[in-house]
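Engineer: Handing you a structure now.
Here, each number is a calculation from the coordinates, and none is a lab measurement. All values reported here derive from a predicted model rather than from experimental measurement. When we count neighbours, we look across all protein chains shown, and the Cβ atoms used for this are built from the backbone with ideal geometry, even at glycine.
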């Protein structure tokens, strides 16, 4: 029986083609270089230097991504002059002792490499890192907690980097009929 199994294994094995190189139906390397596409977007020539003065920290929540970019680039006037750290639960991860060191390590790199003088932290309501709005029990409790956490995040940053300016914003998604708007509120 053991010999039969070996025979079966080798006979099946010999019927399977072995490939020792790439699939020959694909174009050769020079052809690949011809068919590749390059996509370029315009940027401000001033943005090609190696330093910027602002670091923006936001949550990754897709509901706010486009509005964040409009707000940062347009309203705050930072187009092509900021580093951006986007991490789940931006505020939560700054104040949470278990995750703070990860964010601070990325932050320290930006400060060292790009001479950061200003930090903007944008938190938002209904953040999944906190468990969403229902966890707070009321809109007032959510607002007070998020504002207190933003202020605590600022204190932690200034404690580590006393010369930084830190601006805080809380954003919320508001529905008006079938349209949604993201509102930004500066927190002091």
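Engineer: So, in nm, how far is label residue 53 from label residue 178 when the simple model puts each one 7 Å beyond its Cα toward the Cβ?
Structural biologist: About 4.5 nm, to one decimal.
Engineer: Taking the Cα centre of each part, how many Å lie between the range 100-118 and the range 131-188?
Structural biologist: 21 Å
Engineer: Stretched out fully, how many nm does the piece from residue 39 to residue 139 gain, at 0.36 nm a residue minus the Cα gap?
Structural biologist: Working: separation 100, 0.36 × 100 = 36.00 nm, distance 4.44 nm.
Extra length available between residue 39 and residue 139 comes to 31.6 nm.
Engineer: Another question, if that's okay. Quickly rank 77-88, 173-184 as a protection proxy: mean count of other C-beta atoms within 10 Å, highest first. It would help to have the intermediate numbers written out before the result.
Structural biologist: Values: 77-88: 15.7, 173-184: 10.4.
Result, highest mean first: 77-88, 173-184.
Engineer: Now, a different point. Please give the peptides 116-125, 92-101 ranked by average Cβ packing (other Cβ atoms within 10 Å per residue), highest first, as a rough proxy for protection. All intermediate terms of the calculation are to be shown ahead of the outcome.
Structural biologist: Working: 116-125: 21.4, 92-101: 14.7.
Highest-to-lowest ranking by the protection proxy: 116-125, 92-101.
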